[in-house]
Amino acid sequence: MGKFQVMEHPLIQHKLTIIREKNCGTKVFREVVDELAMLMAYEISRDMPTENVEIETPIELSTQKTLAGKKVAIIPILRAGLGMVDGILQLIPAAKVGHVGLYRDEETLETHEYFVKMPEDIDSRQLLVVDPMLATGGSAIMAIDSLKKRGASNIKFVCIVSAPEGVKALQEAHPDIDIYTAALDDHLNEDGYIVPGLGDAGDRLFGTK
Ligand code: PRP
Ligand code: URA
């Protein structure tokens, strides 16, 4: 089974509280999602492999560390995942970005795919699939199905708020992936919203509704 990690860092928890507030407006919501994504990427990158390189400092030749291992691609699930891309790119600026467009039918909660555009080499990259919300898990599962169909195998899922129902469904469907979240909330309500959650992440990010 892949890793499941709730990121308890005080800055992450503090910023999450800001965006949970219903009076947090679009501008601040967007800025703080960006900051959260950067902080989460910092935590996730803790176990990135390094290798030794010879460099020349102004004083002497020296052996120092540099990042090794697979190059990264960030895969936002549209729409709300877009809000997490720039924050991660601030730390990993060479990452490529692929897009998966999905929406949940608000009546049936079924997930529908409407757009996929990936870098050619996703099979050889470390993929960070990002979406602020993991609710029923339908979107994350379909996005990862779609990536695996295209040859991807090295996948981490990064969300800001998760529901136990979604974590369980995602772990059952894709036991090989690691899941990182800033919060594991209480439950889903009958409309498929996370409780206490933060409402509709896409609408709050983009000011729709
Ligand atoms: C939201 C959210 C996730 C999904 C989570 O997107 O951004 O993608 O719901 O729910 P699930 O775990 O039950 O699939 P939504 O479908 O509302 O689309 P949007 O981002 O375009 O608003
Ligand atoms: N999607 C959201 O944006 N919010 C939720 O609480 C559940 C799904």
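The values are calculated or read from the model by the stated rules, or taken from the named source; none is laboratory data. Since we're looking at a predicted model, the values are computed, not measured. Every residue, glycine among them, receives a Cβ derived from its backbone with ideal geometry; neighbour counts consider all protein chains shown. Heads up: the accessible areas ignore ligands, DNA and RNA and are worked out on the full protein's heavy atoms, side chains in. Shrake-Rupley method; radii C 1.70, N 1.55, O 1.52, S 1.80 Å.
Here are the numbers for this structure:
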| item | result |
| --- | --- |
| Rh (Kirkwood; distinct C-alpha pairs) - segment 135-203, Å | 12.5 |
| For V6, solvent-accessible area (1.4 Å; no DNA, RNA or ligand), Å² | 40 |
| Assigned charges on the beta-carbon of Lys, Arg, Asp, Glu; the chain dipole about Cα centre (debye) | 320 |
| Computed over segment 4-104, the ratio Rg/Rh where both radii use C-alpha atoms and Rh is Kirkwood | 1.09 |
| Convex hull volume per residue in cubic angstrom - Cα atoms of segment 4-206 | 130 |
| In Å², nearest 10: area of V85 left accessible to a 1.4 Å probe | 10 |
| Alpha-carbon radius of gyration plus Dmax, which is the widest Cα pair, for segment 81-171 in Å | 13.0, 40 |
| Of all accessible heavy-atom area on segment 4-206, the percent that carbon and sulfur account for (1.4 Å) | 52 |
| Part-to-part distance (alpha-carbon centres) for segment 18-46 and segment 148-209, which is given in Å | 15 |
| Accessible surface, 1.4 Å probe, highest first, among residues Y42, Y193 | Y42, Y193 |
| Rounded accessible area per residue of the chain, 1.4 Å, Å² | 52 |
| Degrees between helix 164-173 axis and first principal axis of the chain (Cα, 0 to 90, nearest 10) | 60 |
